[in-house]
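Engineer: Could you have a look at this structure, given as C-alpha cells, before my questions?
Read-outs: derived from the displayed coordinates by stated rules, not from any lab. Values in this document were obtained by computation on a predicted structure and should not be read as measured data. Heads up, the Cβs are rebuilt from the backbone with ideal geometry, glycines too, and the neighbour counts pull from every protein chain shown.
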Amino acid sequence: MHSLLKKIAVLLVAVLILAGWLVRRGQPRPAFVFEGKPRDVFHDLKVESSQKAQLAIATNGMISMLAVEGDETQQRLVLSVSHDGGDSFSTPTAVSEPGAVVKAHGENTPSLAQTAMATYAVWQQTKDNMPAQIMFARSTNMGHSFEKPIVITDKTQPSFNGFSTMKVAPNGDIYVVWLDGRDQPEPRGTFAVYLAKSSDKGQTFSPNVRVALGACPCCRPTLAFGDKGEVHVAWRKVFPGDIRDMVLATSTDGGKSFSAPVKMAEDNWLLHACPDSGPSLVTAGGRIYAAWYSEGNSKAGIRLVVSKDSGHSFSRAEIASQSVQDANHPQLSVSEDGHVVLTFQGRAASKGQEQWNQIQPFVASISDSGKASLPQPLTTVHRSAAYPFVLSASAGRVLVAWTERSGDSHQVELCRGRALANQD
C-alpha cells in the first residue's frame, strides 16, 4: 500500500508539473523586462513641471531628453543628457530663447534628433505677440548650450503652422514637415502638409515645399527615409465625405517633389472633426513600418502595416493594440541594429463595464513582417499617463518616457527596459 501511495503521489506531481508547463506554454511571453520603478528625471533636477518628452541617442551612447518646462503661459524647451545609460542626467539646458512661449498642446510636441556631432530640436512657439512659428535650434557641444533658434517657415503673410516633425536622413540632411494654413483649404477646414530641408547641418533651410493639400488639421504628419534616398511623408488625409484615412507620399529627388499619396489602409473612418492623432513611421531592412489610431470599420485601435516595395503597397492592417482599451498616440522607434518597437497609451482590458483602468503606456516588439507582440503594460505608472515616447537602442535596450499629470502639474517619467530573447 505504501508503495502504491508513493507511485500515485509521484504521478500527481508529474501531472501538476505538466499542467503548469502547458499553462505557461499557452500564455504569451512578455517581450521586455523593465526596471521596477520609473523616475521623475526632471523633477529630480528641480524642474517643477515637465511634459512631452522626446528621446534620442548618439553613437557614443549619450542619451538626450528634450521636454517642455513650465505652465502654458511660460513654457520653454529644455534638454538634459546622460552619459551613463540613463543612471543620471545633467542639469537642464535651455533650448528656446528667453521671452518665447513654447506651444505643445495635444500632439503638437517638439522634435529631437541626435547625430554624432550635433543635437537638433524643432518646436512651435510664439513671441512678442507674433503668430506662432516653427523654430529650429542646434547644439554642437553635446547639449551644453544651443545656438540662437531660427525660423523655418518662410511665409509672407501670417497663417497657422504647427504639428511639426523633424528627422535626419542617413546622409545628414535635416527634414521638417508640418501642417500649414497658408493655402486655400481643399477641402474646407483642412491644412496643407509642408516640408523644409537643411543640407548644411541646420545653418539654413531651403524654401518651403508643399507636399499635399487636404490634411486633417491637427493630426501630426511624419516622415522616414528609404535605403535609396527616398523621403516618405505620411499624414491623415481628408477624403470626400469626411473620410479621414492615412496616406503616404514619396520623394525621390530629395524632397523637391512628391508622388501622389497612397492609402496605407482602407479604414474608411467617417469623422466630422479632427481626432488629434497622427501616424508614426520608421524604416528598417528595406521595409516601411507605419502605425496610427483609427476607429474605422467599427474597430477602434492602433493600426500597424508594413510596406516591402517603398510605399507602393502595404500589408493588411492589423490591430496592434489588441484588447487594450482607449489605445491612442502610437510611436515607433527603430534601433541601429534594426529592432522596431511600438509604444502607445491605453487602458488594460477591464472585467466589467463599470471598471475603468488607469491610462498607462504599452510597449510591443515588431517583427520583420510587421507583426506585433502582445502589448505589455508599464504597470508602474504613478498617475494617468499620456503621450508615451519610445527609444529603441542597440542590444535590445529600450527607454520609454511619458507625461503624468497631477492637478495642473505635469511630470515626465522615464523607464528603462531590455528586450527578452525569443524562445520557442
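Engineer: So what is the 222 nm mean residue ellipticity for the chain from helices alone, if each DSSP H run of at least 4 adds -39500 (n - 2.57) and you divide by all residues, rounding to the nearest 500 deg cm²/dmol?
Structural biologist: -2000 deg cm²/dmol
Engineer: Under 5 Å between amide hydrogens, which residues at least 5 positions from ASP326 or on another chain qualify, with H placed 1.01 Å from N in the peptide plane?
Structural biologist: Amide H neighbours of ASP326: ARG347.
Engineer: Just to confirm a number: summing +1 for Lys and Arg and -1 for Asp and Glu over residues other than ARG39 whose beta-carbon lies under 15 angstrom from that of ARG39, what do you get?
Structural biologist: -3
Engineer: Near LYS197, which lysines are there with a Cα under 29 Å away, not counting those fewer than 8 places off in the same chain?
Structural biologist: Cross-link targets: LYS52, LYS103, LYS127, LYS148, LYS155, LYS167, LYS228, LYS237, LYS256, LYS263, LYS308.
Engineer: All other residues with a Cβ under 15 Å from the Cβ of LYS308 taken together, and with Lys, Arg as +1 and Asp, Glu as -1, what is their net charge? Show your work: numbers first, answer last.
Structural biologist: Values: positive: LYS228, ARG287, ARG316, LYS371; negative: ASP227, GLU230, ASP309, ASP368.
Within the 15 Å Cβ shell, the charges total 0.
Engineer: Treating the beta-carbon of each Lys and Arg as +1 and of each Asp and Glu as -1, no other charges, what is the dipole magnitude of the chain about its Cα centre, to the nearest 20 debye? Walk me through the numbers on the way to the answer.
Structural biologist: Working: 41 positive and 39 negative charges, 219 e Å.
Taking the Cα centre of the chain as origin, the dipole is about 1060 debye.
Engineer: Residue farthest toward the positive end of the dipole of the chain, with Cβ of Lys/Arg at +1 and Asp/Glu at -1: which of ALA104, PRO38, PHE136?
Structural biologist: PRO38
Engineer: Each residue of the range 155-161 in turn: what ³J(HN,Hα) in whole Hz from Karplus with 6.51, -1.76, 1.60 and θ = phi - 60°, glycine and Pro shown as x?
Structural biologist: Running phi through 6.51 cos²θ - 1.76 cosθ + 1.60 with θ = phi - 60° gives 7, 8, 10, x, 6, 5, 8 Hz.
Engineer: Right, another one. Relative to the longest principal Cα axis of the chain, at what angle does helix 2-26 sit, 0 to 90 degrees, rounded to 10?
Structural biologist: For helix 2-26, the angle is close to 10 degrees.
Engineer: Further question on the same structure: Give the distance, in whole Å, between the Cα centre of the range 121-187 and the Cα centre of the range 261-328.
Structural biologist: 26 Å
Engineer: Along Cα→Cβ, 7 Å out, is where each label goes; now give me the distance between the ones at ASN60 and GLU266 in nm to one decimal.
Structural biologist: Placing both labels 7 Å beyond Cα along the Cβ direction yields 5.3 nm.
Engineer: So who's got an amide H within less than 5 Å of the one on PHE160, skipping anything under 5 residues away but keeping other chains? H placed 1.01 Å off N, in plane.
Structural biologist: Placed amide hydrogens put GLY181 under 5 Å from PHE160.
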